[in-house]
Amino acid sequence: MKTQAIIPLFIPHMGCQHECVFCNQNTITASDSQMDSVKVSAMMESKLKNLEPLGLKILEAAFYGGSFTGLPLALQRELLGAVLPYKQAGRINKIRLSTRPDYINQEILDLLKQYTVDTIELGVQSFDDNVLAMSNRGHTVKQTIEACQLIKTNGFSLGIQLMIGLPGDSKEIAYHSAIKTVNIKPDFVRIYPTVILEGSQLATMYRQNIYKPLTTDQAVDIAKDLVRLFHHEMIPVIRLGLKSTDNICTKTDLANAYHPAFRQLVEGSLAFDEMKARLNQANIHTGTVLFSAHPKSFSNLIGHKGVNKRRFADEYPHICFSYKPDSSLSQQEYVCQIMK
C-alpha cells in the first residue's frame with residue numbers, strides 16, 4: 001500500500017539565468033506559466049483533495065522545474081509562504097525544492113529554514129569541470145562541493161541529481177562523478193540519461209554532428225554501474241530516467257536514450273548480471289535451474305518484456321530455466337537453485 005506521495009509544484013525555468021545545452025524547461029514540465037501563491041494554493045488544495053483520504057504517512061510539497069533559490073527573495077517568500085500553512089496544519093509533512101549549486105549560500109539557507117524547508121535537491125549533473133563547461137552549466141565542481149557541504153552543515157536533507165551522456169562525458173567520467181557523490185554522502189540521488197529535447201542547444205549540436213547521444217543500451221550499461229555503487233554505499237536511487245508523465249516526446253527524428261521503463265531496464269540488467277555470475281561460479285552447464293525473487297522484484301528477474309529469460313535461454317541452451325515469485329525473499333534478493 002502506498003504510504004507517501006509528493007505534490008509537485010512546477011516553476012518552469014523560473015529563477016535560472018543559464019541556458020544549459022540540454023535544457024528546454026517548457027518541454028520538460030509541459031508548462032510555460034509562471035507560478036505565484038494563488039496557483040500554489042490552488043494546486044495544493046486540488047492534490048490534497050485526492051491524497052488526504054488515502055491516509056498517507058508522508059505528504060511532501062516539492063518545487064520542481066526551475067532553480068528555486070535563484071528566484072527573487074520576495075517571490076521565494078511568497079511561494080514558500082503559500083505552502084507553509086499546510087505543513088503547520090499537519091496536512092503535509094515536508095517541503096522540498098530543487099536548485100543549482102551556485103544558487104546556494106548562507107543567506108538563502110537561513111531563509112529556507114524560516115519556512116521549514118526539509119530537503120534541497122541540487123542539479124549537479126556532473127563532477128567533471130570539462131563536462132560542466134561543455135554543457136554550459138555555469139558552475140564548477142568546487143562550487144558544487146561547497147554547496148553540498150553547506151546544505152548538510154545547515155541540517156537539510158541533500159539530494160544529488162546526476163546526468164549521464166552529456167557533451168564530453170564518458171563511462172569513466174560518469175563513474176568518477178558517482179564516486180564523488182558517494183564521498184559527499186547525500187541522502188539520495190537521481191540519475192538521468194541525457195535526452196535531446198526539441199528547442200535545446202543539444203538538438204542543434206546533434207543535427208550538426210557535434211554531439212553524439214548515448215543509445216539506450218549504452219545508457220543502461222553506464223547507469224547500472226552507478227546504481228551498483230550507490231546500492232553498495234546504501235545511498236537510495238529514487239529516480240532512474242525521466243518519467244513518461246514528464247511529457248517527453250518520443251516520436252521524433254532525434255536519437256535519444258529515453259525509455260519509459262528505463263529503471264526496469266537497469267534493474268533487470270543488474271539482476272541478469274547477478275544470476276549469470278552465480279551460474280558461472282557454480283559451473284552449471286546442464287540440468288534444471290530455478291530462479292526466484294520477491295514478487296515486487298520478479299519483473300526485474302525476468303527482464304523488461306522477458307528479455308532476461310530469452311538471454312538465459314540463448315546463452316545456456318542446455319539448461320532448463322524456470323522462474324517463480326517468492327514472497328519470503330526480500331526485495332532485490334534473487335535466488336538460484338539447482339533442481340534435481
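The values are calculated or read from the model by the stated rules, or taken from the named source; none is laboratory data. Quick caveat: nothing in here was measured; it's all calculated off a predicted structure. Don't worry about glycine lacking a Cβ; one is built from the backbone with ideal geometry, like all the others, and counts go over all protein chains shown.
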Only one of (1) crowded, with 23+ Cβ neighbours inside 10 Å; (2) in a loop (DSSP other than H, G, I, E, B) is not met by Gly155, so which one is it? (1)
I need a count of the residues in region 290-340 that are surrounded by 15 or more Cβ atoms within 10 Å (Cβ to Cβ), hydroxyl-bearing (Ser, Thr, Tyr) and not in a loop (DSSP other than H, G, I, E, B). 4
Filter result for the condition that a residue is in contact with a strand residue (DSSP E or B) (Cβ under 8 Å, 6 or more places away or on another chain), closer than 30 Å to Val83 by Cα and modelled with pLDDT of 95 or more, over Glu121, Glu146: Glu121
Does Pro167 qualify as being at pLDDT 95 or above, buried (at least 18 other Cβ atoms within 10 Å of the Cβ), in a loop (DSSP other than H, G, I, E, B) and within 16 Å of the chain's Cα centre (by Cα)? no
All conditions in (1) under 30 Å from Leu202 (Cβ atoms); (2) modelled with pLDDT of 95 or more are true of Cys249 except (2)
If I filter region 254-272 for residues that are modelled with pLDDT of 90 or more and over 19 Å from the mean Cα position of the chain (by Cα), do I get at least one hit? yes
Do we have any residue at all in region 208-221 that's of a type in the set (Ser, Thr, Tyr), crowded, with 19+ Cβ neighbours inside 10 Å and either touching a strand residue (DSSP E or B) at 6+ places or on another chain (Cβ under 6 Å) or in a helix (DSSP H, G or I) (or both)? no
Residues that are within 21 Å of Gly241 (Cβ to Cβ), in contact with a Lys or Arg (Cβ under 7 Å, 6 or more places away or on another chain) and not hydrophobic (A, V, I, L, M, F, W, C): does region 273-289 have at least one? no
In the set Lys212, Lys309, Lys224, the lone residue that is of a type in the set (D, E, K, R), modelled with pLDDT of 95 or more and within 17 Å of Ile164 (Cβ to Cβ) is Lys224
Please pick out the residue among Asp36, Asp102 that is at pLDDT below 95, under 24 Å from the mean Cα position of the chain (by Cα) and of a type in the set (Asp, Glu). Asp102
